[in-house]
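What follows is a single structure, written as structure tokens, with notes after it.
Since every read-out is calculated from the coordinates, none of them should be taken as a lab result. Just so it is clear, the structure is predicted and the values come from calculations on it, not from any experiment. Glycine gets a Cβ as well: all are built from the backbone with ideal geometry, and neighbour counts include every protein chain shown.
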Amino acid sequence: MASPARNDCSEPSLSDLLDLSGLVRRLASGARLTLALALLGLVIGAALHLATTGRRDASTAARVVFSFPGIERGEYPDKSKFHADDLRSPEIIVEALQRQQLDPQKWQSQIRASISIEGLIPATVVRERDQLRSGGLRLRPFVPDEYHITLNLPRRSPLTARQRELLLNEIFSVYREQFIRTYVTPPLDFGQAFAVLGDFDYPDYEALLRQENDRLAHHLEGLSRQTRNFRSPRTHLSFSELQAQNGLFRRLKLHETLGLLRHLGVSRNPDAALAKLAYRLDIAQQEERIAQDKLRLLGSLLERITPAPTAHHRGPGMDDKDFAPRHGPSHRDDDDTSSIARQATTTISTIGQLQTEIAGIEEWRKRITDFAKLPAEERNRAITRANESIAVLKAGYDEFMARVIATCEDFQRQSHADAIRVSMHPVTDGFYRGLTSAMSVGAALGLALGLAWALLRNPPRARR
């Protein structure tokens with residue numbers, strides 16, 4: 001049987017269209033033009049980049065993370081308002097410029113105006129807040145803890161890319177140091193007693209040193225409860241150990257010197273000391289009278305609120321339930337009673353402290369009066385003995401307070417080690433990086449145009 005005749009006008013088959021050898025020949029025939037267009041695109045891309053790069057600023061970018069307590073509420077550790085723009089405050093910029101040996105008068109305004117700060121909000125947070133908001137909940141403003149910092153300066157600025165990166169790093173360092181000085185380093189509330197005393201009279205030593213030691217004991221007790229596992233890398237002490245050392249210092253050194261001063265009754269100016277003690281005694285007695293009146297008032301209020309027990313006569317056929325109160329207990333009365341009882345307890349403690357103070361002042365008055373009657377030689381010997389004891393106390397005080405301050409500083413630095421952290425170090429958009437990108441895009445476009453021209457110039461022919 002004869003085979004059907006082949007149709008010469010039939011469409012080219014798939015194998016004809018996918019003729020790789022023919023495709024290669026067609027591309028090779030336009031290789032020169034393709035290469036020329038690629039080179040032309042490379043040159044055009046470089047020219048466009050060179051023409052426009054002088055008008056654009058060079059961007060130096062970095063990222064900073066804030067992780068100190070209170071940042072989630074937009075607050076510094078002392079409850080003051082947090083502002084990300086504090087990074088570019090004038091004092092920060094001036095200090096950073098001076099450290100980089102740049103003229104602050106020339107660069108301060110330009111650098112501050114060139115720094116932009118943008119908060120970064122994770123996408124997960126955005127989705128969660130959108131869901132909560134769609135549910136009808138009222139949300140507090142979100143405060144980002146990571147910020148994108150950008151320094152935009154003209155590319156032809158005298159500052160090189162390396163100088164800009166170092167300047168941004170210096171700004172972060174200055175800000176971190178200022179944060180540590182303000183919120184991490186413990187304030188000078190302790191360790192300044194002898195500097196404050198100066199030329200004060202001897203009776204003033206007892207009041208001031210006892211007051212500071214009481215505050216220090218309370219402070220160490222709070223830190224000991226807060227951080228039980230902390231140990232200073234410099235002093236190798238924990239707060240509980242410092243608390244025990246403070247008790248020993250109080251009993252062995254502080255009480256010894258203060259007891260000696262009171263026993264001797266020394267004073268640089270007995271008449272002035274007696275006048276001052278008389279004034280302190282009058283104030284303490286007035287405060288005691290006020291506290292006594294308050295205690296009597298609280299007692300009368302407590303008697304009015306607390307019902308007195310009432311005797312009932314049990315009749316025939318009556319049991320315990322007949323004596324039960326008809327109404328439940330008043331929670332308000334219980335709260336009032338507890339509040340008055342707490343105030344009365346505090347007032348009793350205050351009265352005890354005032355009575356102790358009054359007794360100490362009266363003893364000081366008696367001792368100073370006796371001291372003033374002594375011969376000058378004996379008074380001088382007593383003062384010399386008191387000064388020697390104070391010198392020994394001061395040496396022990398300075399040594400102990402140095403350990404306290406060092407331990408507190410180590411604790412605060414460890415607690416705020418990552419308070420300000422650079423999550424992405426400064427990077428500047430390089431000139432050659434942009435030039436390479438522009439040349440690559442131009443060459444790719446020229447190559448694509450040359451290949452397309454070669455394919456369209458020599459269309460494929462169907463096989464016969």
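Observations
- Inter-centroid distance (Cα atoms) of segment 252-290 relative to segment 137-183, Å: 55
- Cleavage-rule hits, trypsin sites (Lys or Arg not before Pro), segment 74-158, DSSP coil, Cβ neighbours within 10 Å at most 11: 79, 138, 156
- Distance between the 7 Å Cα→Cβ label points at residue 197 and residue 437: 6.9 nm.
- Gain on full extension, evaluated as 0.36 nm per residue between residue 81 and residue 349 minus their Cα-Cα distance, stands at 92.6 nm.
- Dipole magnitude of segment 74-163, debye to nearest 20 (Cβ charges: Lys/Arg +1, Asp/Glu -1, about Cα centre): 300
- Residue 121-residue 43 FRET efficiency (beta carbon distance; Förster radius 56 Å; 0.05 resolution): 0.85
- Euclidean distance between Cα centres, segment 191-223 to segment 58-97, Å: 36
- For residue 276, a cut-off of 18 angstrom between C-alpha atoms picks up these lysines, skipping any fewer than 8 places away in its own chain: 366.
- Neighbour-limited loop hits for trypsin sites (Lys or Arg not before Pro), segment 370-423 (at most 16 other Cβ within 10 Å; DSSP other than H, G, I, E, B): 373
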